[in-house]
Amino acid sequence: MSPHRSIHFGTSERKLLLRIFDVVWVLFTLYLLGLFFKFEYFSINSRFWTWGVTLAVYLLVFSSIFELYDLQKASKFDTVLKNVVLATSVTVLFFLLTPILTPVLPDNRLQIIYFYFAIVLSLLLWRYAYISLVSSPRFYKRVLIIGDHFDVDLVGRQLQRADPNYTLVGYLPTGPSSPATVESVLPRFNTRDLTYLIRRHRINEVLISDVNSAVDRSEVNEELLKLLKRGFPVRDFHQLYEEKTLRIPVQHIEKDFYKFFPFSRSNENKLYLFFHRLADVAISITGMLICILLIPFIALGNLFGNRGSLFYKQERVGKNGEHFNICKFRSMRSDAEEKGPQWAQKNDSRASRFGKFLRRSRLDEFPQFFNILKGDMSVIGPRPERPVFVKELSRDLPYYDTRQVIKPGLTGWAQVMGDYGNCHADSLEKLQYDLYYIKHRNIFLDITILTRTLSTIIFFRGQ
């Protein structure tokens, strides 16, 4: 008697599937277009592979920027339609502007139109097939959680948001006072019924969290060992949570924090740190040059929209708890903190009309490139907070001070993944993302953050 099995594509598998078939279907469609129609711009000849690789690189880069590999958005066709058009438009534009790596522009400009629409239609047809088949409920993974001491509703929502194909079917509490807070909670844990429950509810995976007592732990281990011997997937809840949500569940692992949270080897890797600093200097110099070009326009907008000083400085907490002054274009009224320090809010009423534009476009952040060049900050890292808020959050949130082991950043994992933080609950979520970055930081994660930052700017999500 073996538990229920079904096909399920993991998060990384689905992202890889999307990338591979985006390229395959686009190139195959262009091949068919040249085979059956008089389409000569992207023909099969000795230069095809150079053109194909160039097109594939552009397509993958701009599809990432326009969020075509965000699994939540990839499961909604209306969002996919908009992002495919945007990604294809920029891809084709760059493809046309690199003539050494791409075909010579055709005399008949309609060939470019055919080229553009062939890419759009091939991507839309493939993405529609993905939503209808791969992203359909038949491929969902049905999950049972066994354990105590966490908010079942919140965990279910977070896992579902991180992976729409990952469904929390039920929660099996083991303690006498364990809360049953969702309708899908399964009956109280019983070792004799576990295999039956897995069959009855078509469970594909079991997550094991804290088990209440030594007796229950022994019974749980015995049953889980039987499942493991049959090849049934049993996983640690905390590791799965980190893998799916890409953040550290710091509120669930307080007692085992240092065992669970090994600091990234990159924090001690001299080569990584050297190139990280080199990139900081190069990007900050470029950013400062752009900032100088922007100053006349922002000063003009500030004159009519803000009616106050162009810049403002504010004390922040940096690496190892050292304080420094951050520099930004002012976006709020001069009397914004007459009543003392306040949390910035989403759509903050204290921001002027022009200031709201600066915040949403992230233009107000450009003077911070000077802080990066000085070495107070990095391009990527946890956002620096004000001392008064650091003191408050360090008191209320476990291991909040751990953020200060690396330099704060202009952008970061928490900024591109989390919502705007204006309360302790949002700060906890951002802390989870910041700790994930500190634990896993490497060049590939840095590139991902920069790509997502471009998406944030393009879609005007700054606050």
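The values are calculated or read from the model by the stated rules, or taken from the named source; none is laboratory data. Note that the coordinates shown come from a computational prediction; the quantities given were computed from them, not determined experimentally. Positions of Cβ are generated from backbone atoms using ideal geometry, with glycine treated the same way; all protein chains shown enter the neighbour counts. Surface areas here come from the heavy atoms of the whole protein model, side chains and all, with no ligands, DNA or RNA. Shrake-Rupley method; radii C 1.70, N 1.55, O 1.52, S 1.80 Å.
If you sort Met377, Met332 by accessible surface, 1.4 Å probe, largest first, the order is Met332, Met377.
Amide H to amide H distances under 5 Å link Arg383 with Gly409, where only residues 5 or more positions off or on other chains count and H is placed in the peptide plane. Three semi-axes describe the equivalent ellipsoid of the stretch 1-132; taken as square roots of 5 times the Cα gyration tensor eigenvalues and ordered largest first, they are 31, 15, 13 Å. Counting only heavy atoms of the protein chains and using a 1.4 Å probe, Met417 has close to 50 Å² of accessible surface.
Think of the stretch 12-128 as having a plus end and a minus end, set by charges on the Cβ of Lys, Arg, Asp and Glu; of Thr50, Leu33, Leu124, Leu124 sits farthest toward the positive end of this dipole.
If you wrap the stretch 244-333 in the convex hull of its Cα atoms and look at it from every side, the mean projected area works out to 9.8 nm². The distance from the alpha carbon centre of the stretch 60-125 to that of the stretch 363-378 is 34 Å, rounded to a whole number.
Across all directions, the average projected area of the convex hull around the alpha carbons of the stretch 362-408 is 3.8 nm². Other residues lying with their Cβ under 15 Å from the Cβ of Arg127 contribute a combined charge of +2, Lys and Arg counting +1, Asp and Glu -1. For His323, nonlocal amide neighbours, meaning residues 5 or more places apart or on other chains whose placed amide H falls under 5 Å from its own, are Gly318. Peptide packing for 378-389, 232-243, 353-364 was compared via the average number of neighbouring C-beta atoms within 10 Å per residue; ordered from the highest value, the list is 378-389, 353-364, 232-243. Packing, as the average of other Cβ atoms within 10 Å across residues, places the peptides 302-308, 289-295 in the order 302-308, 289-295, highest first. When a/c is below 1.5 the answer is rounded, else prolate if a/b is larger than b/c, else oblate, so apply that to the stretch 57-155 with a ≥ b ≥ c taken from the square roots of the Cα gyration tensor eigenvalues. Cα axes put the stretch 57-155 in the prolate bin.
For Lys328, the residues whose modelled amide H falls within less than 5 Å of its own, excluding neighbours fewer than 5 places apart on the same chain, are Tyr312.
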